[in-house]
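Enquirer: Before anything else, here's the structure in question.
The values are calculated or read from the model by the stated rules, or taken from the named source; none is laboratory data. This structure is a prediction, so every number in the text was calculated from the model and none was measured. We place every Cβ from the backbone using ideal geometry, glycine too, and count neighbours over all the protein chains shown.
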Amino acid sequence: MRSRKSVLLRTFFAFALFAALILSVGGFLPGNAISADAAPSRTGNTTAAGSASAASARTSTTSATETLYVHFIDVGQGDATLILCGEHAMLIDAGDNSKGTALQLYLTKQGVKKLDYLVLTHPDADHIGGADVVLTKFDVGTVFLSDYPEDTKTYQDVLDALKAKHMRSSMPEPGDSYTLGSAAFTILAPLEDYDNANDSSIALMLRHGGSSFLFTGDCGEEAEKDLTASGQSLSADVYQVGHHGSRYSSSQAFMNAVSPTWAVISCGEDNSYGHPAAEVLNRFRSMGIKVFRTDEQGSIIAVSDGKEISWSCAPSQTWKAGEPTKSSTDQPKKSTAASAVSGSTTTQSAFSGSGTSAAQPAPAAEENDKEKTASATQTPTGDSASSGGQAFATGSSPGAGLYIGNKNNGKLHLSSCHKLPLEKNQAVFNTREEAVAAGYDDPCKLCNP
Ligand SMILES: [Zn+2]
Ligand SMILES: [Zn+2]
């Protein structure tokens with residue numbers, strides 16, 4: 001009897017597997033409202049080391065009774081991810097200032113009234129810009145905010161919104177865990193005090209049954225190195241790509257540790273930073289990682305039943321890298337380039353509310369003596385030569401070296417910024433275009449280059 005039963009069972013499972021295959025080839029699964037690119041198992045597209053650790057990580061979690069929905073919301077250039085599990089909701093980042101209302105509508109449409117958690121990975125405007133609206137319009141339980149204060153109006157707006165609700169943000173510690181219905185998340189980073197906002201991002205691993213999702217904000221190489229060295233399990237089914245696909249994140253060593261099946265890039269169409277970078281896309285492609293991207297596909301939804309993850313659309317097949325903008329849209333900023341931050345205490349007025357406006361107050365420009373010699377050695381090529389000429393025409397001293405890149409993290413500053421990297425880590429450029437083309441694609445939010 002027993003053996004006959006097991007034969008029957010085996011036959012049944014074989015048939016079920018066959019049926020599932022047929023259905024998934026047809027592009028849908030029954031009972032699933034969202035058309036699915038159902039890929040229930042991680043197949044041989046990962047490295048051996050990655051697969052081994054991934055398997056152990058995914059067997060370590062508890063049962064998931066409620067369905068988990070992860071909405072990678074299209075907020076243009078920025079991040080905002082809504083996570084729903086049963087009656088519980090959580091938002092990781094809130095997009096740029098201009099996206100607050102759109103984000104509010106999106107959440108309302110999903111039936112969200114209360115957020116158990118609002119995680120603001122780091123205080124850059126493309127992550128916390130819409131947070132003041134979210135805080136004002138929704139009931140929010142716990143607010144996690146990276147302990148890296150920025151001297152911006154955007155940051156102050158968030159603090160003001162918290163104050164108005166008599167709330168405080170807190171900084172979670174790596175290792176802390178929190179539940180969200182039948183899902184749970186664990187804080188992984190920041191592990192150090194970094195000298196830049198991006199590396200100070202709060203990183204976390206969300207688990208739901210055997211499904212796992214990794215979020216790293218805008219962590220760059222340094223933070224990734226520390227994460228890998230920390231011994232924490234980084235293996236995840238889904239990786240929200242760090243720093244919108246910048247070349248300074250998602251290093252090979254880090255990706256070997258994460259070894260995801262899917263990667264989701266949240267970035268703006270034709271963004272000026274050249275996100276996502278070609279080398280990052282190539283890395284994903286060579287590892288067999290399937291890529292989703294909000295710039296091409298709009299908002300993307302992942303659905304987990306605790307065992308399998310299905311998606312609201314098929315992965316992107318374009319493998320199209322972003323290109324740093326060489327257009328004239330940056331030109332107006334040049335004339336006031338050295339003036340965004342005055343040396344005085346009037347920090348508030350130096351920042352535009354949206355973080356994107358080119359209209360800056362124009363206090364007296366500071367001298368850039370130390371960059372003059374360095375910039376003279378720059379040899380602009382191609383089209384940058386002509387745009388460089390235009391930039392010189394507006395300044396009092398030709399070749400002033402108005403832009404400083406940080407060789408460590410790709411951050412771009414005005415030479416007048418008071419948070420410049422050490423001289424040995426500086427790359428000096430005459431124009432913004434040259435700097436961005438060289439990969440310095442992350443503008444400092446203090447000087448707003
Ligand atoms: Zn950032
Ligand atoms: Zn960002």
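Enquirer: Is it the case that G130 is surrounded by 24 or more Cβ atoms within 10 Å (Cβ to Cβ), of a type outside the set (A, V, I, L, M, F, W, C) and free of Cβ contacts under 8 Å to residues at least 60 places away in the same chain?
Expert: yes
Enquirer: I'm trying to understand the selection: among the residues of segment 97-127, which are away from ligand 1 (no atom under 16 Å from the Cβ), buried (at least 24 other Cβ atoms within 10 Å of the Cβ) and within 19 Å of T186 (Cα to Cα)?
Expert: Within segment 97-127, L118 is the sole residue that qualifies.
Enquirer: Still on this structure, please answer the following. Select, from L145, L135, the only residue that is within 16 Å of ligand 1 (Cβ to nearest atom) and either in contact (Cβ under 8 Å) with a residue 40 or more places away in the chain or closer than 30 Å to C447 by Cβ (or both).
Expert: Being within 16 Å of ligand 1 (Cβ to nearest atom) and either in contact (Cβ under 8 Å) with a residue 40 or more places away in the chain or closer than 30 Å to C447 by Cβ (or both) holds for just one of L145, L135, which is L145.
Enquirer: Which ones in segment 201-223 are over 12 Å from the mean Cα position of the chain (by Cα) and of a type in the set (D, E, K, R)?
Expert: R207, E221, E222
Enquirer: Condition first: surrounded by fewer than 19 Cβ atoms within 10 Å (Cβ to Cβ) and over 19 Å from F72 (Cα atoms). Now tell me which residues in segment 266-282 satisfy that.
Expert: Hits for segment 266-282 are A278, E279, N282.
Enquirer: While we're on this one: Tell me which of these L191 doesn't satisfy, since it passes every other one: (1) in contact with a Ser or Thr (Cβ under 7 Å, 6 or more places away or on another chain); (2) surrounded by fewer than 24 Cβ atoms within 10 Å (Cβ to Cβ); (3) not in a loop (DSSP other than H, G, I, E, B).
Expert: Status for L191: all satisfied but (3).
Enquirer: For segment 38-139, which fully contained helices (runs of 4 or more DSSP H) count at least 3 residues that are more than 16 Å from ligand 2 (Cβ to nearest atom) and at pLDDT below 95?
Expert: 48-58
Enquirer: Considering segment 217-244 alone, what residues qualify as being free of Cβ contacts under 8 Å to residues at least 60 places away in the same chain and either among the polar types (S, T, N, Q) or not assigned by TED's automatic domain parsing to the domain that holds L120 (or both)?
Expert: Across segment 217-244, the qualifying residues are T228, S230, Q232.
Enquirer: Given the structure, is A161 over 21 Å from the mean Cα position of the chain (by Cα), surrounded by fewer than 21 Cβ atoms within 10 Å (Cβ to Cβ) and either more than 16 Å from ligand 1 (Cβ to nearest atom) or small (G, A, S) (or both)?
Expert: yes
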